[in-house]
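**Q** Starting off with a structure, shown below.
Bear in mind that the values in this text are calculations on the coordinates, not laboratory data. Just so we're clear, the structure is a prediction, and the values are computed from it rather than from any experiment. Don't worry about glycine lacking a Cβ; one is built from the backbone with ideal geometry, like all the others, and counts go over all protein chains shown.
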């Protein structure tokens, strides 16, 4: 595992890398192109079984983001790979695993460890319905936290009326963006509206620094409203 620069987790862990989704905003694909020697299969889904024991060797309870360089539930990921990754998660239950996927309906395919955070990526309104369906199918259980990652926020998003099937939200911008970039003001406008809508409905929100909204970051919270990275 690697100590993470992502502010919402302690470590990233990549027993599976690669993704076939082809998202134009994918920062992981850019990393693979920059360091091709480290990724001989390019961004094609690839299993790394030697990495399965890494979470078990870190004894301190931490928040671990599996497959930051791919999608654990994406096309091309074999079921036996998924089974072995989930087994490794069960063997390291001192950690909280923060699963994030662009295929939220597949979250039901695994028997996740207690306390796992199960999330869907929603960069714009076109992805929202699929995420809500997938998260609603999981049901509301005390041993899981459901969340949506609105990153990179690529357009305005309006929330539907009624109850929402998630307990936390992340809002983020384009990776590597600068405050002076021309798209930032419009993105901040979308983020501000979405943040207010979520917080008004009692959902804790974490606004990432790449949106360049320090006034919004002051209200950052994790599931349950905790201001600590790993709530216990």
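**Q** Determine, from the Cβ-Cβ distance of residue 189 and residue 80 and an R0 of 45 Å, the FRET efficiency 1/(1 + (r/R0)^6), rounded to the nearest 0.05.
**A** 0.50
**Q** Testing the spin-label approximation: label points 7 Å from Cα along Cα→Cβ at residue 111 and residue 133. State their distance in nm.
**A** So the two model labels end up 2.7 nm from each other.
**Q** Give the peptides 176-183, 126-133 in descending order of average Cβ contacts within 10 Å, highest first.
**A** 126-133, 176-183
**Q** In percent, what relative contact order does segment 130-227 have, based on Cα pairs under 8 Å that are 6 or more apart in sequence?
**A** Relative contact order, segment 130-227: 27 percent.
**Q** Quick one: what do you get for segment 1-113 if you divide its Cα Rg by 2.2 N^0.38 Å?
**A** Taking N as the residue count of segment 1-113, the ratio is 1.01.
**Q** Output the antiparallel fraction of DSSP beta bridges having both residues in the chain, as a percent to the nearest 5.
**A** If I count the DSSP bridges inside the chain, around 15 percent turn out antiparallel.
**Q** Enter the mean projected area of the convex hull around the alpha-carbon atoms of segment 76-172, in nm², rounded to one decimal.
**A** Mean projected area for segment 76-172: 6.6 nm², to one decimal.
**Q** Oh, and also: Between segment 123-189 and segment 21-99, what's the alpha-carbon centroid distance in Å?
**A** 21
**Q** Using only Cα atoms and rounding to the nearest 10 degrees, what angle (0 to 90) does helix 184-200 make with the longest principal axis of the chain?
**A** 90
**Q** Output the 0 to 90 degree angle, nearest 10, between the alpha-carbon long axis of helix 128-138 and the longest principal axis computed from the alpha carbons of the chain.
**A** Relative to the chain, helix 128-138 is tipped by roughly 60 degrees.
**Q** Compute the orientation-averaged projected area for the chain from the convex hull of its Cα atoms and round it to one decimal in nm².
**A** 12.1
**Q** Counting only DSSP beta bridges with both residues in segment 1-119, tell me the antiparallel percent, nearest 5.
**A** 30
**Q** OK, next. So what is the relative contact order for the chain, in percent, with contacts set as C-alpha pairs under 8 Å and at least six apart?
**A** RCO, the chain: 14 percent.
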